[in-house]
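The values are calculated or read from the model by the stated rules, or taken from the named source; none is laboratory data. From a predicted model like this one, the values you see are computed outputs, not experimental measurements. Glycine gets a Cβ as well: all are built from the backbone with ideal geometry, and neighbour counts include every protein chain shown.
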């Protein structure tokens, strides 16, 4: 009798434990469902530039150097800024979708497309003058001339890239990421053929790779635009072009500018240290190894970047829906996933450290140097996973201004100065530069963690509701059989 009574009393506890386990499994499933395709999209779109440079490499070392420098210059002066600016939609579209104000997603996307297209005009002028900028910064004139020519042929791609970023985030906010993967895969396959024809079979030479980039980006935009226009899954979120998109452009830019700075300040610090490596003793070795490390770090960074996208989508959706506890729970789950991912990838980097250098060079000196750098990269990746996820949470909440200030302090008051001191004064070379980046990541993770774990999620829900209403001009709305009826001021 006593045993039966104890069993009866334990039933609610067992049921509660099972319910909690089921809740965790459901949240993990949602986040992996979002982050997996997002990682695939990031890798496929990153591959476009890599494939182009690989084909140019068959034409000789001079065209290869020119294309590599032009690609790096384009990334620093344009693509990174556009990607950061478009990330404002992580907040706006995500919270609007959570609030079930579906029609606002299309309007927010149109607003972002207009702003990014206008921003692309001055950026394209910078690309058109790439040669002059490179010569000013001391680049060899023959390389600068070819790099300038390559960048000019890439100018059409900058407009497509901005539109593509908007479409990606519009669909991501709706948890509708598989069409983006499919389109990116199709375009990457076509891009290989385009590069083969334009680079090797026409008179364009290395410029053909830049033309192929432009065609591929525009093709991706066309495919995703057709999906948004004709797919039933976007029937509520895309109604048609609207004059409403011309409203509150200033409000959008107030969020978009810190969003861009948040991304750019981090990316630029890496490029700055690679450029500084040319001033170290044995600059060829130092620059080569740092370039390999940057390429390796950038490739594996796609994994935490995918987790970051899942974090921003889940948090913004739950805040928009008025679920503070679920938003807080989503943060805990994605942080747990990031811990597991960072440990696994870090272990892989350490295990392959002695052979990884052979993928880039047969020079024993380069291979040995890379082997000594990979444990540092492994530590950096662990920290980068945490900061990427926390940055995703920041975008989901609309903390871009805070994020930009944290990145400014972390990288330019701590990371870069510390890296330069270690590299030059203490003669740590490239290792010193990367240790400086790790110091920046530590500061970044600590600051964003303190902000995140001391957040009043009920207040964030109120802010999300206020943001959605202010950007839409909506006083009230109602849902009827899955359709949204909006009453505007």
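Brief remarks follow.
- Residue count, region 346-355 (criterion: assigned to a helix (DSSP H, G or I) and surrounded by fewer than 20 Cβ atoms within 10 Å (Cβ to Cβ)): 4
- Checked against (1) over 16 Å from the mean Cα position of the chain (by Cα); (2) modelled with pLDDT under 95, residue 124 passes all but condition (2).
- Residue in region 375-395 that is more than 25 Å from residue 343 (Cβ to Cβ) and touching a residue at least 24 places away in the same chain (Cβ under 8 Å) present: no
- Candidate set from region 470-489 (those that are closer than 20 Å to residue 111 by Cα and crowded, with 17+ Cβ neighbours inside 10 Å); member that is modelled with the lowest pLDDT: 474
Here's the yes/no breakdown for (1) crowded, with 18+ Cβ neighbours inside 10 Å; (2) more than 23 Å from residue 323 (Cα to Cα):
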site: 390; (1), (2): yes, no
site: 400; (1), (2): yes, no
site: 413; (1), (2): no, yes
site: 419; (1), (2): yes, yes
site: 428; (1), (2): no, yes
site: 439; (1), (2): yes, yes
site: 449; (1), (2): no, no
site: 457; (1), (2): yes, no
site: 466; (1), (2): no, no
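- Region 46-99 - residue that is touching a helix residue (DSSP H, G or I) at 6+ places or on another chain (Cβ under 9 Å), farther than 18 Å from residue 398 by Cα and outside any helix (DSSP H, G or I) and, of those, modelled with the highest pLDDT: 59
- Annotation note: Cβ proximity below 8 Å between a residue of region 66-87 that is crowded, with 20+ Cβ neighbours inside 10 Å and a residue that is not in a helix (DSSP H, G or I) (sequence gap 6+ or interchain) occurs for 66/206; 67/206; 69/139.
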